[in-house]
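Have a look at the structure below, then the notes.
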Amino acid sequence: MSYDVLVIGSGPGGYVAAIRAAQYGKKVGVVEKDAKLGGTCLHVGCIPTKALLHYAEMYEQALHSADVGILYEGLSFDYAKMKKRKNEIVAKHARGIEQLFKKHKIEWLPGFGKLLGKGKIEVADGKEKRQIASKSTILATGSEARLLPDLEVDPKRILTNVEILDMDSVPKSLAVIGAGAVGVEFASIYRSFGAEVTILEMLPRPVPVEDEEVSAELTRAFRKRGIQMHTGAKVEKVSDDKDGVSVEFTASDGKKQTLKAEKLLVAVGRKPNTESIGLENTAIKADRGFIAVDGFMRTAEAGVYAIGDIVAGTPQLAHTASMEGLVAAAHLAGKPVEPINYLQNPGATYCEPQIGSVGLTEAAARQKGFDVKISKYSFAANSKATIVGSHGGFVKVVADAKYGEILGVHIIGPNACDLIAEAVVAMSSEATVESVMRTIHAHPTLAEAIQDAFNGIYGLTINA
Ligand SMILES: Cc1cc2nc3c(=O)[nH]c(=O)nc-3n(C[C@H](O)[C@H](O)[C@H](O)COP(=O)(O)OP(=O)(O)OC[C@H]3O[C@@H](n4cnc5c(N)ncnc54)[C@H](O)[C@@H]3O)c2cc1C
């Protein structure tokens with residue numbers, strides 16, 4: 001068997017790269033070890049969490065709807081039904097990828113892919129091992145949850161993203177280690193459904209990749225929602241008790257504390273899946289599992305590309321993986337292609353309140369020596385935010401004073417993950433602060449908050 005392109009892994013990196021390579025006329029095969037196509041993102045990541053976050057939001061809205069005169073009697077929720085619906089959504093989209101593969105004549109090779117070197121790949125499906133030749137190979141093997149040293153998953157109580165998404169009911173209490181995107185999203189979901197949620201974060205602030213003011217706002221919003229958060233907390237020991245979990249930690253004041261909860265979610269980062277994929281048969285040297293690539297996603301081994309969560313020094317996000325896949329596919333097909341500008345890669349955290357961001361934080365911009373101008377516009381003054389009853393948060397613009405260059409945009413508040421798209425387009429088309437100020441935004445919309453935030457760079461905000 002031989003292919004022009006063999007992709008190992010069918011997550012948002014792999015399946016998108018495969019489709020694009022097929023669109024360019026290549027004969028493409030995709031090796032996938034799991035029974036379903038779609039990877040972490042579809043099965044135990046982006047999609048199931050966003051389904052649950054949506055139901056959590058619907059429930060919260062219903063809980064507070066009496067304020068606007070909509071009355072429910074005996075409001076409750078059926079978690080089993082939500083789980084079923086979430087699983088149906090996942091299954092539907094997995095079938096969708098299968099159909100796309102058929103449409104583009106992409107062959108799905110079930111099994112575990114391993115590089116043998118010199119354009120040869122072994123695919124082992126439990127029954128047999130096949131050797132396949134490919135002119136180009138794209139590694140898109142993704143990542144899995146990292147655990148703390150000496151800690152093992154117990155599907156009943158000590159959970160990663162995989163087990164928590166399979167729970168049949170909402171726990172009374174949930175401890176979360178790690179306040180990155182995964183940790184705060186799950187904290188947000190189960191708090192909405194009534195769990196007592198406590199987050200332990202080693203760093204001084206939650207969502208540490210975000211602008212400091214965003215972290216501060218999230219801390220405030222979570223406290224208001226009753227989510228307990230200990231930052232600067234070092235977890236010392238986790239005990240799996242019969243009726244729950246005990247987490248011993250040293251708090252930021254140096255005092256030892258013990259947190260007891262029915263369940264524990266470990267969300268301390270993601271480990272790249274590169275251990276057994278045959279890197280030793282190639283020129284690729286992984287650094288703590290991560291693979292270095294050039295601007296076209298080429299690795300040190302000729303003809304082998306790497307994309308997605310396994311790539312060194314790039315964000316572990318689905319849309320990043322997909323764009324990297326498109327770049328690799330274009331490059332191997334000899335099509336015109338530019339390296340990715342990762343400063344124009346949006347971050348999106350879908351907790352309540354949502355966070356959407358792109359570009360440099362204020363601190364990073366100052367550190368780089370820009371003559372920084374800041375504008376911060378609160379959703380409190382935006383009429384659509386009043387209508388939807390979501391006043392918390394702000395749009396913060398980081399700009400360069402000299403030419404009005406947009407350096408970064410940081411949004412926390414309603415629909416932040418959708419709103420950030422405007423800032424990404426503005427930055428990727430090299431719009432200036434003035435261009436966004438001149439752009440007509442429909443009224444009344446949340447997007448007007450973006451325009452007024454940009455107005456604020458020159459002290460020209462209208463609605464504040
Ligand atoms: C709970 C959670 C929520 C998330 N939410 C978001 C979000 O909202 N937005 C966002 O952008 N990102 C989100 N992410 C991150 C996102 O899921 C990842 O960045 C994305 O899935 C990475 O895509 P990938 O293609 O690199 O790998 P993956 O999606 O991990 O896919 C890799 C695939 O490769 C297969 N594979 C691995 N090794 C082999 C092998 N040797 N042979 C054959 N097959 C193999 C795996 O089975 C898997 O199917 C979330 C992650 C988690 C855990």
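The values are calculated or read from the model by the stated rules, or taken from the named source; none is laboratory data. What you see is a predicted model; the values in this text were computed from it and never measured. Here the Cβ is made from the backbone with ideal geometry for all residues, glycine too, and neighbour counts use every protein chain on show.
Taking interchain pairs and intrachain pairs at least six residues apart, which have beta carbon atoms under 9 angstrom, with the first residue in region 137-156 and within 11 Å of the ligand (Cβ to nearest atom) and the second modelled with pLDDT under 95?
The qualifying pairs do not exist here.
Can we say Asp154 is touching a strand residue (DSSP E or B) at 6+ places or on another chain (Cβ under 8 Å) and acidic (Asp, Glu)?
Values: touching a strand residue (DSSP E or B) at 6+ places or on another chain (Cβ under 8 Å): yes; acidic (Asp, Glu): yes.
Considered against the rule, which asks whether it is touching a strand residue (DSSP E or B) at 6+ places or on another chain (Cβ under 8 Å) and acidic (Asp, Glu), Asp154 comes out as yes.
Restricting the search to region 1-50, which residues are more than 7 Å from the ligand (Cβ to nearest atom), surrounded by 19 or more Cβ atoms within 10 Å (Cβ to Cβ), in a helix (DSSP H, G or I) and over 14 Å from the mean Cα position of the chain (by Cα)?
Those that are more than 7 Å from the ligand (Cβ to nearest atom), surrounded by 19 or more Cβ atoms within 10 Å (Cβ to Cβ), in a helix (DSSP H, G or I) and over 14 Å from the mean Cα position of the chain (by Cα): Tyr15, Val16, Ala17, Ala18, Ile19, Arg20, Ala21, Ala22.
Residues of region 308-363 being free of Cβ contacts under 8 Å to residues at least 40 places away in the same chain, buried (at least 21 other Cβ atoms within 10 Å of the Cβ) and within 10 Å of the ligand (Cβ to nearest atom), which ones?
Result: Val311, Thr320.
Looking only at helices (runs of 4 or more DSSP H) that fall completely inside region 378-464, which ones have 3 or more residues that are in contact with a helix residue (DSSP H, G or I) (Cβ under 6 Å, 6 or more places away or on another chain)? Show your work before the answer.
Working: elements: 383-387, 416-428, 433-438, 448-455.
Fully inside region 378-464 and qualifying: 416-428, 433-438, 448-455.
Checking Asp400 against (1) of a type in the set (Asp, Glu); (2) closer than 19 Å to Ser428 by Cα; (3) out of contact with any strand residue (DSSP E or B) (no Cβ under 7 Å at 6 or more places or on another chain), only one condition comes out false. Which one?
(3)
Report yes if Gly369 is more than 19 Å from Lys50 (Cβ to Cβ), within 15 Å of the ligand (Cβ to nearest atom) and assigned to a loop (DSSP other than H, G, I, E, B), otherwise no. Walk me through how you get there before you give the answer.
On the way: more than 19 Å from Lys50 (Cβ to Cβ): yes; within 15 Å of the ligand (Cβ to nearest atom): no; assigned to a loop (DSSP other than H, G, I, E, B): yes.
In short, no.
Would you check if Lys114 is touching a Pro at 6+ places or on another chain (Cβ under 9 Å) and within 15 Å of the ligand (Cβ to nearest atom)?
On the way: touching a Pro at 6+ places or on another chain (Cβ under 9 Å): no; within 15 Å of the ligand (Cβ to nearest atom): yes.
Against the criterion (touching a Pro at 6+ places or on another chain (Cβ under 9 Å) and within 15 Å of the ligand (Cβ to nearest atom)), Lys114 does not qualify.
Regarding region 236-259, can at least one residue be identified that is acidic (Asp, Glu), surrounded by 18 or more Cβ atoms within 10 Å (Cβ to Cβ) and away from the ligand (no atom under 16 Å from the Cβ)?
Of all residues in region 236-259, those acidic (Asp, Glu) come to 236, 240-241, 243, 248, 253.
Remaining after also requiring surrounded by 18 or more Cβ atoms within 10 Å (Cβ to Cβ): none.
For region 236-259, residues acidic (Asp, Glu), surrounded by 18 or more Cβ atoms within 10 Å (Cβ to Cβ) and away from the ligand (no atom under 16 Å from the Cβ): absent.
Which residue out of Lys33, Lys50, Lys27 is in contact (Cβ under 8 Å) with a residue 12 or more places away in the chain and touching a Pro at 6+ places or on another chain (Cβ under 9 Å)? Can you show your working first?
On the way: Lys50 fails: touching a Pro at 6+ places or on another chain (Cβ under 9 Å); Lys27 fails: touching a Pro at 6+ places or on another chain (Cβ under 9 Å).
Criteria check complete, one pass: Lys33.
Determine whether Tyr305 is within 10 Å of the ligand (Cβ to nearest atom), hydroxyl-bearing (Ser, Thr, Tyr) and within 24 Å of the chain's Cα centre (by Cα).
Working: within 10 Å of the ligand (Cβ to nearest atom): no; hydroxyl-bearing (Ser, Thr, Tyr): yes; within 24 Å of the chain's Cα centre (by Cα): yes.
Against the criterion (within 10 Å of the ligand (Cβ to nearest atom), hydroxyl-bearing (Ser, Thr, Tyr) and within 24 Å of the chain's Cα centre (by Cα)), Tyr305 does not qualify.
Among the listed residues Leu174, Leu200, Leu165, identify the single one that is touching a His at 6+ places or on another chain (Cβ under 9 Å) and within 16 Å of the ligand (Cβ to nearest atom).
On the way: Leu174 fails: touching a His at 6+ places or on another chain (Cβ under 9 Å); Leu200 fails: within 16 Å of the ligand (Cβ to nearest atom).
None of the others qualify; the one that does is Leu165.
Could you tell me which residue of region 260-275 is surrounded by the most Cβ atoms within 10 Å (Cβ to Cβ), considering only residues that are basic (Lys, Arg) and farther than 14 Å from Ala195 by Cβ? Spell out how you get there, then give the answer.
Kept after step one, since they are basic (Lys, Arg), are these residues of region 260-275: 260, 263, 270-271.
From what's left, farther than 14 Å from Ala195 by Cβ: 270-271.
Working: Arg270: 21, Lys271: 17.
Looking at residues that are basic (Lys, Arg) and farther than 14 Å from Ala195 by Cβ, I get Arg270.
Can you name every residue in region 239-261 that is within 22 Å of Ala181 (Cα to Cα) and not aromatic (Phe, Trp, Tyr)?
At the first step, the residues of region 239-261 found to be within 22 Å of Ala181 (Cα to Cα) are 247, 249, 251-252, 259, 261.
Scanning region 239-261 gives Val247, Ala251, Ser252, Leu259, Ala261.
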